[in-house]
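To start, the structure itself, in structure tokens.
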Amino acid sequence: MDGDGDYDALSYQITALPSFGTLTDLDANVAIAVVPYVVKAGTVGYTAGERYVGMDSLGYVAYDGSVWSR
């Protein structure tokens, strides 16, 4: 798990899914199909759609226990 400048552990919330692939919470071994989704352990995998080649994006914010990122 990552930390901030104060060494607080960070958690993440997926706020937007990719358009051309899927996300998987690798620690929970589940596909992320609905947002918002809280990533508790910090490991997410991305798999591009079959035959898709190109850019894709997702949205997320980080939380250090007191402040959300922008």
(Q) Please compute one quarter of the surface area of the Cα convex hull for the chain and express it in square nanometres. (A) 5.1
Q: Give, in nm to one decimal, the length gained when the segment between ALA28 and MET55 is fully stretched (0.36 nm per residue of separation minus the Cα-Cα distance).
A: 7.1 nm
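Probe radius 1.4 Å, ligands and nucleic acids ignored: give me the carbon and sulfur share of the accessible area of the chain as a rounded percent. Mind showing how you got there, number by number?
Working: 2720 of 5050 Å².
Reported share for carbon and sulfur atoms: 54 percent.
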Q.
Compute, for the chain, the length of the dipole vector about the Cα centre, with Cβ point charges of +1 (Lys, Arg) and -1 (Asp, Glu) only. Units Debye, rounded to 20.
A. 300
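Which length gain, in nm to one decimal place, applies between LEU10 and SER69 when the Cα-Cα distance is subtracted from 0.36 nm times their residue separation? Numbers along the way, then the final one.
Details: separation 59, 0.36 × 59 = 21.24 nm, distance 1.02 nm.
So the extension gain works out to 20.2 nm.
The values are calculated or read from the model by the stated rules, or taken from the named source; none is laboratory data. In this text, all values refer to a predicted model and were calculated from it rather than measured experimentally. Counting neighbours? That spans all protein chains shown, and the Cβs are built from the backbone with ideal geometry, glycine included. Keep in mind that these areas ignore ligands, DNA and RNA; they rest on the heavy atoms of the full protein, side chains included. Shrake-Rupley method; radii C 1.70, N 1.55, O 1.52, S 1.80 Å.
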